[in-house]
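The values are calculated or read from the model by the stated rules, or taken from the named source; none is laboratory data. Remember, it's a predicted structure, so these values are computed and weren't measured experimentally. Methodologically, a virtual Cβ is constructed for each residue, glycine included, from the backbone with ideal geometry; neighbour enumeration extends over all protein chains shown. The accessibility values were calculated without ligands, DNA or RNA, using every heavy atom of the protein model including side chains. Shrake-Rupley method; radii C 1.70, N 1.55, O 1.52, S 1.80 Å.
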Protein chains: 2
Amino acid sequence: MKKLINAPDTVLAQSLDGFAAAHADIVALGAEYKFVRRRELRPGKVALISGGGSGHEPLHAGFVGRGMLDAACPGQVFTSPTPDQMVAAVEAVESGSGCLFIVKNYEGDVMNFQMAADLAGKEVATVVTDDDVAVEASTWSTGRRGVAGTLIVEKIVGAAAEAGSSLPQLKTLGENVNRQTRSMGVALTSCTVPAAGVPTFSLGEDEMEMGVGIHGESGRRRVALAPADAIADEMVGAIVKDLAPDKGAEALLLVNGFGGTPAMELYLMVHSALRVLRGNGIRVSRFLTGNYVTSLEMAGCSITVCVLDDALRQWWDAPVHTAALRWGV
Amino acid sequence: MKKLINAPDTVLAQSLDGFAAAHADIVALGAEYKFVRRRELRPGKVALISGGGSGHEPLHAGFVGRGMLDAACPGQVFTSPTPDQMVAAVEAVESGSGCLFIVKNYEGDVMNFQMAADLAGKEVATVVTDDDVAVEASTWSTGRRGVAGTLIVEKIVGAAAEAGSSLPQLKTLGENVNRQTRSMGVALTSCTVPAAGVPTFSLGEDEMEMGVGIHGESGRRRVALAPADAIADEMVGAIVKDLAPDKGAEALLLVNGFGGTPAMELYLMVHSALRVLRGNGIRVSRFLTGNYVTSLEMAGCSITVCVLDDALRQWWDAPVHTAALRWGV
């Protein structure tokens, strides 16, 4: 295992220490690394909290800050955070207007956030994201998995929360964005969980995993490595088929690197994905390209399409000031 | 070779097409992919132009925009751009106040930018960056190599150009920033140039290349994989020894990923580097962490330290609106 770490059992704490030091103007660390919170809270605003296993950075701590999340609870690598983490986060950031949990659809996450909602003693609502069209159920989930589309839900709901929307409004908005958003991924290599020390799975020199999940879990099928255009045909094709947008629909395109893929290839995938989207009569008006929802050092990418209307576009464009997304401030 | 591409000879053009589509609000592509230019020029401002081999994205095209570069000339992967590219870029973005070239110290780059300066028929000055303390000369350079510190020169000089500084002032400022900036890198894996199809070099399962260059070229020595703290001791130690900052100096810390290293490890390196810097009485007031000056999919990172004073800190903090760096707008 080749990693820039000191030891597997100190990876998470030391990484969070570095993150908190580097972004001390935006975030603060909770006691015992239970959560990362927004440094300057906005009293009276609905509190947005997310979290999940680590190893997907910048998701979720990189999205804590003005216009997005109020707190994120990091579990160990690819391991759900425990309910006491979310309870502590609610305690730290809820200010009387209730709390919205944004949870990716994995059994451990859904269960632990539900337990936290029951224990928190505050008004809590939950949005569960399940944007991955690759599989209908998996080793980690009942139903579709929540993947890179989650950051779009967090950005749009975060902007509306900042503008004063109520908890029921935010839950409705988040569920609406999730319904308008679909993703699919492909892996060229595996990743290695530090505590395991060996790759999660193995791929031959000429193979790829089509429809891979963000923990390296199986997708639709293992196939021969294909050109970028053919990969985009399959992934965007599956997304468009499932999303069934109106002809002439406006969309946001997110090409997300899994951690080990260079920017040069991600932008090439933007080119390939655009060709397919245009061929389907979809007009892309907003783009996001980079490593946002990763699987440690896995090579590969996911493509996410979110159908926009005027309201969603305006929330997307609204100012955001986090470690990983920043504009308008 | 596992890459998200269609063919080695179309990688650069298709990647630039995707980049230009994704950032059409900021940049425009020159004819024949000769350069990427800022979409909205500011008449009367000194034009800043950089460039170099591709494969280091987001350097340099990702730094074109308000408050940074006016144009970037992308060569083929790890290959210098040709003089006609820079001549075309000068023609497109120079508006009467002269042009500053910012060039990393590699023989091909220095020669081709010099030829372009001679051919351009405009007033051109040049800043050559050489921040890499790892080696005093290399297969690619006479003297030290220009690496990740180049982006700090581009940001600070870009802010001063936006504020109306003259060509001689910008050249002096750029050379001053370069003198205050030192870097060193480490590689855990090689990278593969698409046209070559095989890794540039090979490293054993327990080896790393200490002092590696950004093309995978040799560093100081090949050694056994070490813990993050020991790596930071050696890299930051070499930087501090060479930079010899005053006790109590203020600094900017850039922890730069080479393309294949997860954010989790980069932030852990921030933690490790901070410990060494604090031990040397250096106070870090500004941070930048992420993939900024890459070597395709190479795993590893570089550490850069830039000594700040009030003026440099203010130029660093000034608004910037590019694909890869954005704040204040």
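Given (1) touching a residue at least 12 places away in the same chain (Cβ under 8 Å); (2) over 18 Å from A:Leu167 (Cβ atoms), identify the lone condition not met by A:Val128.
(2)
Does B:Gly281 count as open to solvent by less than 10 Å² (accessible area, probe 1.4 Å), within 29 Å of B:Val157 (Cβ to Cβ) and small (Gly, Ala, Ser)?
no
Has the stretch B:36-48 got at least one residue that is within 11 Å of chain A (Cβ to nearest Cβ) and at pLDDT 95 or above?
Scanning the stretch B:36-48 turns up no residue that is within 11 Å of chain A (Cβ to nearest Cβ) and at pLDDT 95 or above.
Let me confirm something: among A:Thr172, A:Thr181, which residue is surrounded by fewer than 19 Cβ atoms within 10 Å (Cβ to Cβ), modelled with pLDDT of 95 or more and over 19 Å from A:Arg221 (Cα atoms)?
Just one listed residue meets the conditions, A:Thr172.
Just the residues that are in contact (Cβ under 8 Å) with a residue 24 or more places away in the chain, of a type in the set (Val, Ile, Thr) and crowded, with 24+ Cβ neighbours inside 10 Å, please, taken from the stretch B:245-277.
Matches in the stretch B:245-277: B:Val255, B:Thr261.
What is the one condition in (1) touching a residue at least 60 places away in the same chain (Cβ under 8 Å); (2) within 10 Å of another protein chain (Cβ to nearest Cβ); (3) among the acidic types (Asp, Glu) that A:Asp242 does not satisfy?
Against the list (1) touching a residue at least 60 places away in the same chain (Cβ under 8 Å); (2) within 10 Å of another protein chain (Cβ to nearest Cβ); (3) among the acidic types (Asp, Glu), A:Asp242 comes up short only on (2).
Does the stretch B:211-232 hold any residues that are acidic (Asp, Glu) and within 13 Å of chain A (Cβ to nearest Cβ), and which are they?
The one that is acidic (Asp, Glu) and within 13 Å of chain A (Cβ to nearest Cβ): B:Asp229.
If A:Leu225 satisfies every condition in (1) surrounded by fewer than 16 Cβ atoms within 10 Å (Cβ to Cβ); (2) at pLDDT 95 or above; (3) of a type outside the set (D, E, K, R) but one, which is the exception?
So the condition that A:Leu225 fails would be (1).
Is it the case that some residue within the stretch A:190-200 is assigned by TED's automatic domain parsing to the domain that holds A:Gly259, touching an Asp or Glu at 6+ places or on another chain (Cβ under 6 Å) and at pLDDT 95 or above?
For the stretch A:190-200, residues assigned by TED's automatic domain parsing to the domain that holds A:Gly259, touching an Asp or Glu at 6+ places or on another chain (Cβ under 6 Å) and at pLDDT 95 or above: present.
Got a number for residues in the stretch B:194-210 being in contact with a strand residue (DSSP E or B) (Cβ under 7 Å, 6 or more places away or on another chain), facing another protein chain (nearest Cβ under 10 Å) and open to solvent by 40 Å² or more (accessible area, probe 1.4 Å)?
2
When residues of the stretch A:290-320 are filtered for being open to solvent by 40 Å² or more (accessible area, probe 1.4 Å) and either among the small types (Gly, Ala, Ser) or within 12 Å of another protein chain (Cβ to nearest Cβ) (or both), how many remain?
5
Test A:Gly30 against the stated conditions and say whether it is away from every other protein chain (no Cβ under 14 Å), farther than 20 Å from A:Leu151 by Cα and open to solvent by less than 50 Å² (accessible area, probe 1.4 Å).
In short, yes.
Being over 28 Å from A:Tyr106 (Cβ atoms) and among the aromatic types (Phe, Trp, Tyr): is that true of A:Tyr267 here?
Numbers: over 28 Å from A:Tyr106 (Cβ atoms): yes; among the aromatic types (Phe, Trp, Tyr): yes.
Yes.
Any chance you could count how many residues in the stretch B:13-27 are at the interface with another protein chain (Cβ under 8 Å from one of its Cβ atoms) and part of a helix (DSSP H, G or I)?
8
What's the total number of residues in the stretch A:57-67 that are in a loop (DSSP other than H, G, I, E, B), open to solvent by less than 10 Å² (accessible area, probe 1.4 Å) and facing chain B (nearest Cβ under 9 Å)?
Residues meeting the conditions: 0.
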